[in-house]
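**Student:** The structure follows.
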Amino acid sequence: MMQPTYLPTRRAARRTVLAAALLFATGAPVLPLVTPPLAAQSSADLLSAGDRESEARRPALALANYEKVIQADPRAYAALWRAAREAVDLGEFEPDAKIRGALYTRAAGYARRAVVVNPGDAEGHFQLARAVGRTALAAGPREKVKYSVEVRDAALKALQLNARHPGALHVLGVWNAEVMRLNGFTRGVAKALLGGQVLATASWPEAIRYMEQSVAVEPNRLVHHLDLARVYRDAGRPGDARAAYQAALRSPTQDANDDVYRRHADEELKKLR
């Protein structure tokens, strides 16, 4: 049942304004008198504001709104996985390595909390795979191998919960490709640490299969076409790579980093020629 809304009398309103003025004048902290229904509405407003900023491709502002929700409710699942998403977007092309690493650590922390709060939803597991995967790309050989296991497990868990999750399909496509791109030394380290069992599941056909599925589910997302093109290129299929790069260039702009992705697609296509 909805709670009735009570409007203060004009005299009561004047008393409230005068009290607030006195508190400001004396420097005392002013605490808003907010009822639980209004607090809940405030969190909903902040979440919506974050979504609008994310759609407008302003990840810093989106993250700030989501973090305000998390401050009010540390178990706010919707805000946790969204905050992880925006932090990864901010970190991806951050030139300062320390800031970039801190953003990925922040993203992974939010994603881990999201998984704890709601382990039965795919989005938290996907954002965890994405955040840890970005961390792995800049890590040394031993750390890269350690992270790669967690990335794969989180992405597979997301697919168990949602077999057509385009992000998880993308992560597994890139995971297979990255394993296949490992140099001999790193592959040797990985086999020593993992016994070769996890690495043995990776292949170019699997990389292509997962990436093609992500494109099929989300045909208008530029980054799917870009990474599919890279997989085709490195798997020795230049004709298919060219077509995928061209599809990336035709894709609409919707993600925070699409301008950079588009530039990379154009540059890599020219090199392919």
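**Student:** Going by average Cβ density within 10 Å per residue, which order do the peptides 131-139, 225-233 take, highest to lowest?
**Tutor:** Result, highest mean first: 225-233, 131-139.
**Student:** Compute the convex hull volume of the Cα atoms of the stretch 145-273, divide it by the residue count, and report the result per residue in Å³ as a whole number.
**Tutor:** 109
**Student:** Need one number: nm distance between label points at Ala97 and Ala200, each 7 Å from Cα along Cα→Cβ, rounded to one decimal.
**Tutor:** 3.6
**Student:** Can you list the lysines whose alpha carbon sits under 26 Å from that of Lys68, skipping same-chain ones fewer than 8 residues off?
**Tutor:** Here the lysines satisfying the reach criterion relative to Lys68 are Lys98.
**Student:** If you don't mind, another one. With +1 on each Lys and Arg Cβ and -1 on each Asp and Glu Cβ, and nothing else charged, work out how big the dipole of the stretch 38-138 is about its Cα centre, in Debye to the nearest 20. Mind dumping the intermediate values first?
**Tutor:** Working: 14 positive and 13 negative charges, 56 e Å.
Computed about the Cα centre, the dipole is about 260 debye.
**Student:** What is the diffusion coefficient of the stretch 125-168 in µm²/s, taking the Kirkwood radius over Cα pairs and the Stokes-Einstein relation at 25 °C with a viscosity of 0.890 mPa s?
**Tutor:** Translational D for this selection: 238 µm²/s.
The numbers here are math on the coordinates, done by the rules we state, and not lab data. This one's a predicted model, so the numbers in the text were calculated from it and none came from an experiment. Cβ sites come from the backbone with ideal geometry, for glycine too, and all protein chains shown count toward neighbours.
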